[in-house]
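Computed from the coordinates by the stated procedures, all read-outs in this text should not be read as laboratory data. On a predicted model such as this, the values are computed, not experimentally measured, just so you know. Note that each Cβ is placed from the backbone with ideal geometry, even for glycine, and that neighbours are counted across all protein chains shown.
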Amino acid sequence: MIRTFILPLFALSLGVVGLGGCSGGQDTATGKSESAQRQIDSFRNSEERDGVKIFDDDRETIWDLFLNVDDPDRKVEVNKYIWTAAQEVLDFLPVETVDPFSGVIVYGYGRPPGGGPAYRATVFVQDPALDARSLNVALATQAGPVNPDTTRAIEDAILTRARQLRIADGKR
């Protein structure tokens, strides 16, 4: 009886001692290892240097993501002329998904007027400026990605139409 009790107790004690050795290098106050803290500090230093914010100082744990602390008045802005021009230029493609809040339009497969292979496209309008940097187009056929010149031609057509829409709207 005593042997059956002592053996599991010994195994449990050995396991606790063995796992206790796995926690080396942790700061007991923050619960982070030294290498993890060094990596976080280097990211914070680089975000100060580059002006890019990676970490939100208001959020300390993963559970803080579920708190509603974001600014409800923050708007995601897209250029309305590029948005409309993309829909007009790619009107031969069926629209699958539209998200005006993130500036993404996903089109399904469709054939251009005049024939040719079926294309599908994803358009990403990422800035309110009427500028080539604001537009990102990804084209694909059923065989894979298309020639970069074709993608560039579609982007140029969208930007040209967007400029026409802006001029027609009376803005220069």
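Does at least one position in the stretch 126-133 carry a residue that is within 18 Å of Pro148 (Cα to Cα), among the small types (Gly, Ala, Ser) and out of contact with any Asp or Glu (no Cβ under 6 Å at 6 or more places or on another chain)? Walk me through how you get there before you give the answer.
Initially, the stretch 126-133 is screened for residues within 18 Å of Pro148 (Cα to Cα), giving 132-133.
Next, only the ones that are among the small types (Gly, Ala, Ser) stay: 132.
Checking which are out of contact with any Asp or Glu (no Cβ under 6 Å at 6 or more places or on another chain) leaves us with 132.
Taking every residue of the stretch 126-133 in turn, at least one turns out to be within 18 Å of Pro148 (Cα to Cα), among the small types (Gly, Ala, Ser) and out of contact with any Asp or Glu (no Cβ under 6 Å at 6 or more places or on another chain).
When residues of the stretch 114-172 are filtered for being of a type outside the set (A, V, I, L, M, F, W, C) and over 27 Å from the mean Cα position of the chain (by Cα), how many remain?
So the first thing to find is which residues in the stretch 114-172 are of a type outside the set (A, V, I, L, M, F, W, C), and the list is 114-117, 119-120, 122, 126-128, 131, 133-134, 136, 141-142, 144-145, 147-152, 155-156, 160-161, 163-164, 166, 169-172.
When the remaining residues are screened for being over 27 Å from the mean Cα position of the chain (by Cα), the result is 114-117, 160-161, 163-164, 166, 169-172.
Summing the residues that are of a type outside the set (A, V, I, L, M, F, W, C) and over 27 Å from the mean Cα position of the chain (by Cα) in the stretch 114-172 gives 13.
Table: residues versus (1) touching a helix residue (DSSP H, G or I) at 6+ places or on another chain (Cβ under 7 Å); (2) over 25 Å from Gly108 (Cα atoms); (3) not small (Gly, Ala, Ser).
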position	(1), (2), (3)
Arg120	no, no, yes
Asn136	no, no, yes
Pro145	no, no, yes
Ala162	yes, no, no
Arg166	yes, yes, yes
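With the condition kept exactly as written, say whether any residue in the stretch 99-118 is surrounded by 14 or more Cβ atoms within 10 Å (Cβ to Cβ) and of a type in the set (S, T, N, Q).
Keep residues of the stretch 99-118 that are surrounded by 14 or more Cβ atoms within 10 Å (Cβ to Cβ), which gives 103-107, 109-110, 118.
So of that shortlist, the ones also of a type in the set (S, T, N, Q) come out as none.
No: the stretch 99-118 contains no residue that is surrounded by 14 or more Cβ atoms within 10 Å (Cβ to Cβ) and of a type in the set (S, T, N, Q).
Which numbered condition trips up Asp131, out of (1) surrounded by 13 or more Cβ atoms within 10 Å (Cβ to Cβ); (2) in contact with a helix residue (DSSP H, G or I) (Cβ under 9 Å, 6 or more places away or on another chain)?
(1)
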